[in-house]
Amino acid sequence: MKKKGIIFLLASLVILGIFVALSMNTPGTVDPENYQPAVFSTFGALLPPIIAIALALITKEVYSSLFVGIVTGALLYANGNLELMLNTMMFNEDGGMIYKLADSWNVGILVFLVILGIMVALMNKVGGSAAFGKWASTHIKTRVGAQLATVVLGILIFVDDYFNCLTVGSVMRPVTDRHNISRAKLAYLIDATAAPICIIAPVSSWAAAVTSSVPEGSDINGFTMFLQTIPYNFYALCTILMMVLMIIFKTEFGPMRRHELNALKGDLFTTEARPYGDVSEEIGSPNGKVIDLVFPVLVLIACCILGMVYTGGFFSGESFIDAFAGADASVGLVIGSVITLIITFVFYMSRGVMTFKEFTECIPEGFKAMVAPILILTMAWTLSGMTGLLGAKFYVHDIVAASAGALQMFLPAVVFVVAFFLAFATGTSWGTFAILIPIVCNVFGAEAYQMLVISIAACLSGAVCGDHCSPISDTTIMASAGAHSDHVNHVSTQIPYVIVAAVVSFIGYLVSGIIGYTTGSSMALIGLGVSLVLMVIVVLAMRSKNKLEQ
């Protein structure tokens, strides 16, 4: 505790120093219409997330670290004006916490979270989770089998990353617990089959986000281009390959190895932070059946898909693909989850495994289970808003634009790195797409289509990579929630795995960029082969020193 106290004291002094230094040169009042902070579109715009992420990893305290980052961003935006700082942090229309919570898209995600929490509480109450766990214990007999089953389920639920995280977690937790798989490892498997799968799935909310990021009026077909980027999405493909190889070879490294070794001894959490550690996942009716878990999950998948295509105009004449491209994921998931909740209630009542009173008791239980991820999400959205107010996207735009002319053959690798750091700092892949894809389209255009495809793929890959390991990413937060893992444990164990896949992908983009620029042909796919071969070599090298004795 003393160490954490010292760190936060130093952080507070740094923030106080920034406040004093800026307030000495800044008037107490500002003109809202022409106002611009001193650090606008400079490296200082990235300081709030950098401070928050560093504090979270060092102190293991998520909430206070995010709050310090938010305060830092508000101070920088206000140029030291305390009154403006408080108004910015809470009431700024483009980044304040109140307006983030008032945003309909954000509220939809929070409602979806709560309904999923209620669904999990219902499945536990009727004994569906317990029944599935018992069934799985007779069919999935090894740790390798349990992990591969988690991966397969994650791949099958490719529609949306939020949906993936919470559904896979609720279904597979009883199975992985029985085989002594750490919650940190389960969170990694969930996270690695969320965004990395969605970004290479043509029918997903992510495909819609990428398609919508292509500038209007350009002669580039967004969806066709997305399809062509799939084989060049090196990070997603390398992550999937690495995940499967490490499961098969029973290999772990970094902090994850310690978590897995402790899990083999019966400690699934390793650290003192044990979310839900005092709650049994299998409390419920002894009359529960496997169908009590499988049926609601299947209905949820079907209803969420229908809900998403409904928002995209499928029932108004649009094709299925076009409906997905135009879908509103937040609205679609809420519609699908509400319908599923009603169907599940009727199903359980008809089977006689639940009373109306028990159903109503599960509603607050499900809400309470999601308080932690809701709080982290709210603060992460606010921190991202502070970063936007400081003009981080313009700073990144200038970096990419400055390197575009002289380094075109290396631009895919440069875009990958920039997208990684931007997504890591802001916690959003979709926001990164919206910033970088138009820049890449302007640099190359349709006349250099091969390099355009490679560079956009590098943007998607880097964004997913940064989002994958960012502590303030909503997907990372939901993966922790789905696995019932401590959030900082999930982040700290996942980062080394992400870095390995990122370095391998970066090498692949160097190769593809050079070949694509010099030949302009699909021979640039050689970069994919290089990346996959390197990934196999790296995993085999780690296996010799890091194999788990199971």
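The values are calculated or read from the model by the stated rules, or taken from the named source; none is laboratory data. In this text, all values refer to a predicted model and were calculated from it rather than measured experimentally. Every residue, glycine among them, receives a Cβ derived from its backbone with ideal geometry; neighbour counts consider all protein chains shown. Note: accessible area is taken over every heavy atom of the protein model, side chains too, but ligands, DNA and RNA are not part of it. Shrake-Rupley method; radii C 1.70, N 1.55, O 1.52, S 1.80 Å.
Just a few scattered comments:
- On full extension, the segment bounded by residue 271 and residue 43 gains 78.6 nm, given 0.36 nm per residue less the C-alpha separation.
- Between residue 368 and residue 442, the contour length at 0.36 nm per residue exceeds the alpha carbon distance by 21.9 nm.
- Placing +1 on the Cβ of every Lys and Arg and -1 on the Cβ of every Asp and Glu, with nothing else charged, gives the chain a dipole about its Cα centre of roughly 2120 debye.
- Using the alpha-carbon positions of the range 78-138, Rg (one decimal) and Dmax (whole number) come out as 20.8, 64 Å.
- Helix-derived mean residue ellipticity, 222 nm - over the chain, DSSP H n ≥ 4, -39500 (n - 2.57), to 500: -24000 deg cm²/dmol
- Pairs with C-alpha atoms separated by more than 21 Å, drawn from the list 185/289; 134/250; 185/265; 250/545, are 185/289; 134/250.
- The residue among 291, 548, 509 whose Cα reaches farthest toward the positive pole of the charge dipole of the chain, with charges on the beta-carbon of Lys, Arg, Asp and Glu, is 548.
- Dipole axis of the chain (+1 Lys, Arg; -1 Asp, Glu on Cβ), positive-most option in 412, 99, 362: 362
- Surface composition of the chain: carbon and sulfur atoms hold 67% of the protein heavy-atom accessible area at a 1.4 Å probe.
- When the square roots of the Cα gyration tensor eigenvalues are ordered a ≥ b ≥ c, the ratio a/c for the range 424-550 is 1.5 or more and a/b does not exceed b/c, which makes its shape oblate.
- Structural descriptor for the chain: relative contact order 23 percent, calculated from alpha carbon pairs under 8 angstrom and at least 6 residues apart.
- Percent RCO, i.e. relative contact order, over the range 336-489, from Cα pairs under 8 Å lying at least 6 residues apart: 24 percent
- A full extension of the chain between residue 244 and residue 105 corresponds to an added length of 46.6 nm, given 0.36 nm per residue minus the alpha carbon distance.
- The figure for residue 100 is an accessible area of roughly 50 square angstrom, using a 1.4 Å probe on the protein chains alone.
- Overall Cα dimensions of the chain, principal axis frame, Å, largest first: 67, 58, 58
- Estimated distance in nm for a label pair at residue 91 and residue 224, the labels positioned 7 Å out from Cα along Cα-to-Cβ: 5.1 nm
- Counting only protein chain heavy atoms and rolling a 1.4 Å probe, the accessible areas of 179, 468 rank, largest first, as 179, 468.
- Distance from the C-alpha centroid of the range 492-543 to that of the range 83-103: 41 Å, rounded to the whole angstrom.
- Dipole axis of the chain (+1 Lys, Arg; -1 Asp, Glu on Cβ), positive-most option in 490, 500, 131: 131
- Between residue 320 and residue 409, the distance separating the two model label sites (each 7 Å from Cα on the Cα→Cβ line) works out to 4.4 nm.
- Per residue value of the accessible surface for the chain (all protein chains in place, 1.4 Å probe), Å²: 39 Å²
- Dividing the mean sequence gap of close Cα pairs (under 8 Å, 6+ apart) by how many residues the range 416-531 holds gives a relative contact order of 28 percent.
- Mean shadow area of the range 431-479 over all directions, Cα convex hull, nm²: 3.4 nm²
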